[in-house]
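Student: Please find one structure pasted underneath; my questions will follow.
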Amino acid sequence: MESGITLGVALLGAALGILNYWRSVTRDRICLRVAARWYVDRERVCSGIAIEVINLGFFPVTLAEVGFLAPGRVRLPPAFGLDQSSLPQRLEPRAAFTALLPAGAQYNEAVGRVVDAYALTACGLRFTAGRRQVRECLQAARAAEHPPA
């Protein structure tokens, strides 16, 4: 009877040890969520495409570059951040940075070939959005309004 209780407590301790190890490993990783978004400014004068980057990790990360990828490794970086800030940008835990393409850029021929949105950290890690999500965002932006004359 006592050996059964001892075995049960030992197994519980081993399981909790493995759980603690897994949490510490995942906590020490850089984790960014990258998403393409369609935006309309407050005055509703212009609209366009943006890339939103959210730091899901537990420590600050520095963004070195944010942009779109087209075939042939062509990078199309956005013009500026939502708050007119530029890169590099330090992202605190659970903070977000939104980079905007200039208004009307969704009608540019180069943007039509975009396959993915990406964020590059200062340490060289690259995070991307899903290709399907980027494609749907671009289609929605193009369909929302007619090209400027």
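Student: Per residue of segment 125-137, in order, report the coupling 6.51 cos²θ - 1.76 cosθ + 1.60 (Karplus, θ = phi - 60°) as ³J(HN,Hα) in whole Hz, putting x for Gly and Pro.
Tutor: Here the 3J(HN,Hα) series is 7, 10, 10, 10, 8, x, 4, 5, 5, 5, 4, 5, 5 Hz.
Student: Convert each backbone phi in segment 11-18 into a coupling constant with the Karplus relation 6.51 cos²θ - 1.76 cosθ + 1.60 (shift: θ = phi - 60°), then list the ³J(HN,Hα) values in order as whole Hz, x for Gly and Pro.
Tutor: 5, 4, x, 5, 5, 5, x, 5
Student: Right, another one. Given H placed 1.01 Å from N in the peptide plane, which residues other than close sequence neighbours of Leu91 have an amide H under 5 Å from its amide H?
Tutor: So Leu91 has HN proximity to Val61, Thr62, Leu63.
Student: Just need log10 I(q)/I(0) for segment 3-44 at q = 0.13, 0.15, 0.18 Å⁻¹, Debye formula, equal scatterers on the alpha-carbon atoms, no solvent, rounded to two decimals.
Tutor: -0.56, -0.62, -0.70
Student: Give me, ordered by chain and number, the residues 5 or more places off Cys31 or on other chains with an amide H under 5 Å from its own placed amide H.
Tutor: Leu56, Gly57
Student: Oh, and also: According to a simple spin-label model (label point 7 Å from Cα along Cα-to-Cβ), what is the distance in nm between Ala70 and Arg132?
Tutor: 2.6 nm
Student: R0 = 41 Å: FRET efficiency of Ala96 with Leu7, Cβ-based, nearest 0.05? All intermediate terms of the calculation are to be shown ahead of the outcome.
Tutor: Details: r = 48 Å, r/R0 = 1.17.
E between Ala96 and Leu7, to the nearest 0.05, is 0.30.
Student: Based on the Cβ-Cβ distance of Gln139 and Thr26, what FRET efficiency does E = 1/(1 + (r/R0)^6) give at R0 = 35 Å, to the nearest 0.05? Before the final figure, lay out each step's value.
Tutor: On the way: r = 34 Å, r/R0 = 0.98.
FRET efficiency, Gln139 to Thr26: 0.55.
Student: Could you work out the local net charge near Gln133, counting Lys and Arg as +1, Asp and Glu as -1, over the other residues with Cβ closer than 14 Å to its Cβ? Spell out each step's value before the answer.
Tutor: On the way: positive: Arg33, Arg37, Arg131, Arg132, Arg135; negative: Glu52, Asp116, Glu136.
Within the 14 Å Cβ shell, the charges total +2.
Student: What chymotrypsin sites (Phe, Trp or Tyr not before Pro) does segment 1-65 have in DSSP loop regions with at most 15 other beta carbons within 10 Å?
Tutor: Working: sites: Tyr21, Trp22, Trp38, Tyr39, Phe58; in loops: Phe58.
Loop-located and lightly packed - Phe58.
FYI, it's all coordinate maths here, none of it is from the lab. Just so it is clear, the model here is predicted, and its values are computed rather than measured. Cβ sites come from the backbone with ideal geometry, for glycine too, and all protein chains shown count toward neighbours.
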